[in-house]
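Read through the structure below, which is laid out as C-alpha cells, and then see the notes.
The values are calculated or read from the model by the stated rules, or taken from the named source; none is laboratory data. The structure displayed is predicted, hence computed values, not measured ones. Neighbour counts are summed over all protein chains in view; Cβ atoms, including those assigned to glycine, are modelled from backbone coordinates with ideal geometry.
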Amino acid sequence: MDCIATLGVVDFNVPQARQKASTTALVNGISAVNDCGTVNLNAVICCTPELPRDSSLRGLYDEERQVLEALFGVKQNVETKWIDLVTRDRRSDRSSMRRFGEGRVVVNGESLQSNIWLSSELSIYGRPVAPNEAEKGAPVSILPKATALLLPEHQSPNSDLKLADRVRPSAEQSVAQKGCLRFENLLESMMRHVAFPGPCLVINFTGYVEDVGAAVLNLRLKGCSGGEGGQYNFTENLFYLSVHTLDTESGVQYAKGRVARDTLDAWLERKLSFHGLKYQEDEITLTDEEVKAVPGGGVVKQADSLALRVCVRKGTRIEIHPDQDRQWSNSPMASEYAELKEKRSQVYANMLAAIISKPGFASVQDPCAGSVADEPAAPLDDQEDHAGPVTDLPTFETSEKLHESDPIEVRCVSEVAGIELLKCKSGKLYLLSEKDRVLVKHALLGGYGTGKLLCLV
C-alpha cells in the first residue's frame, strides 16, 4: 500500500450530490482517501457545482461555499483550483450552459509541501495543456448531444443506453454529463509530470453513468501518456474502483452495464487484449504441418489422400469394398458381419460427407455423361501426388451435340457396363454414360491401339 498512489474523483453536479447528507458523506470519503496510508501519494479531483439551486440566494457562491467549508472542516487543502474548456458540436442544439468547468485539487492539509500530485500539470497550470498547444490550440472537451445523454433514472439496465425517444433530460442530468473525453483529459493532465513510485488507483465516488470508468478504459487502451511530462504506462499501472453510494440499485446496475458494454465494444474492435489474447473473427484453420501431424488429417484437403484398406470411397460415402463384402458375407461369421455392416452404414458411411462436399474441396468429380478428360493420364507411380480433381469439365446432353461441337472419329464400348469411349477429331477423349456413375479409382475402362486408359477418378 505504501507505493500505491490514489486519485479520487468527485463530481458535485450529479443528481442528489448537493443534499446535506450526501455532501457530508462525500466529504468524509474524500478525507478517508487523502488521510489513508502515505498521505503525500493521495489526492482528489473535485468538480464544483455549476448549476445553482433555487434555494441558493447567491447562486454558485453558496454552492461552492458549502462544499469548501465542509472540506476545510476535515483538514483538507482546497487552494489548488483548475478549469477546463468545453464546447458543443456546431450541429447540435443551442445551450446557455457555461463553456468551461472548474474544480479543486484536494489534498491532505499536512502533506501540502510534499504531495506528488501538486507537481502535476493540472495543479501547476490550472488547466489541461496540449503537447502542441501553440499550433493545435488548448484541449477542448466536446459535450455530448442531448439525444446521446444516458439516463439511468428512466430505463432498465437491460435497455439500450442511448436516450432515443425517451423522456427529455433535466438541467441537472445534463450538467452532470460532459462525456468521458473531459475526464480523460483531466486524468491525463493530472498524471503528467508526476513521479509515481508504482501503480495508481482511481476511485470514483460519484459513479452515476460512469463517464470516469469509460475514461479510465480509454486511457488503458491508449497505452502510454504523451507530452513533455514523460511516459506513464496506463495499461500496466492504472486501475479503477467505483463507489455508488448516491445511486439506486437500478442505477448501480446501469452504470456497471455501461462499463461492461464499453469494454465489450473495445474487445470486439480488437482494441483490448487479455494476457496476449485478442478477439478473432477470422476462420481458424490448421497449417499444413498441423494437418500432417494428425493421422488421416490429409482428408480435409483431399479425400483420396485417405488410405483405405477394407473400404472404398464412392462419392461422399465410404463403403465396404465389394470383394471384402463378398468374402465376409460367405464366412462363418456372416451374421455378426451383417450386424456390423448395418451399424457401420448408419454411423460411419457418411462421416466424411460434410468435408468432401464442402465448396472448394479437392475431391474426385463424378464422371457424368459426356465429360471430357482434358488432362492426360498420370503414371501409376505418381497417382498419390496427382490425384486431384479435373474441374470445369464441359458436358453435353447427347452425343449428337458433342458431334456438332467436335466431330467424333472413334467409338468403342468400355469394359464397364453402360459406358462408351468417344475419341474426337481434336484428340480429346469423352466418356458417354447412360446415367450418372461413380467409378472406383484405377478402374480399367478399356483401350484402343496399344495404350491403356486408367480412370483417374
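What the table shows:
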item	result
The stretch 142-175 - residue that is of a type in the set (Ser, Thr, Tyr) and either under 17 Å from Val14 (Cβ atoms) or not assigned by TED's automatic domain parsing to the domain that holds Leu186 (or both) and, of those, modelled with the lowest pLDDT	Ser170
Helices (runs of 4 or more DSSP H) contained entirely in the stretch 197-295, each with at least 2 residues that are under 30 Å from Glu172 (Cβ atoms)	211-222, 249-268
Restricting the stretch 41-56 to residues that are modelled with pLDDT under 90 and not hydroxyl-bearing (Ser, Thr, Tyr), the residue that is surrounded by the most Cβ atoms within 10 Å (Cβ to Cβ)	Pro49
Selection within the stretch 179-212 - crowded, with 24+ Cβ neighbours inside 10 Å and of a type in the set (Gly, Ala, Ser)	Ser189, Gly207
The stretch 133-152, subset of a type outside the set (Asp, Glu), over 28 Å from the mean Cα position of the chain (by Cα) and over 11 Å from Val86 (Cβ atoms), residue surrounded by the fewest Cβ atoms within 10 Å (Cβ to Cβ)	Ala134
Glu415 vs. criteria at pLDDT 75 or above, among the acidic types (Asp, Glu) and part of a loop (DSSP other than H, G, I, E, B)	yes
The stretch 394-447, subset touching a residue at least 12 places away in the same chain (Cβ under 8 Å) and small (Gly, Ala, Ser), residue nearest to Arg313 (Cα to Cα)	Ala443
Residue list for the stretch 307-348, filter: at pLDDT below 80 and among the hydrophobic types (A, V, I, L, M, F, W, C)	Ala307, Leu308
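Yes or no, residue by residue, for (1) closer than 24 Å to Gln113 by Cβ; (2) not assigned by TED's automatic domain parsing to the domain that holds Leu238; (3) not acidic (Asp, Glu):
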{"residue": "Gln16", "(1), (2), (3)": "no, no, yes"}
{"residue": "Thr23", "(1), (2), (3)": "no, no, yes"}
{"residue": "Val27", "(1), (2), (3)": "yes, no, yes"}
{"residue": "Ser31", "(1), (2), (3)": "yes, no, yes"}
{"residue": "Asn34", "(1), (2), (3)": "yes, no, yes"}
{"residue": "Thr38", "(1), (2), (3)": "yes, no, yes"}
{"residue": "Cys46", "(1), (2), (3)": "yes, no, yes"}
{"residue": "Pro52", "(1), (2), (3)": "no, no, yes"}
{"residue": "Glu63", "(1), (2), (3)": "no, no, no"}
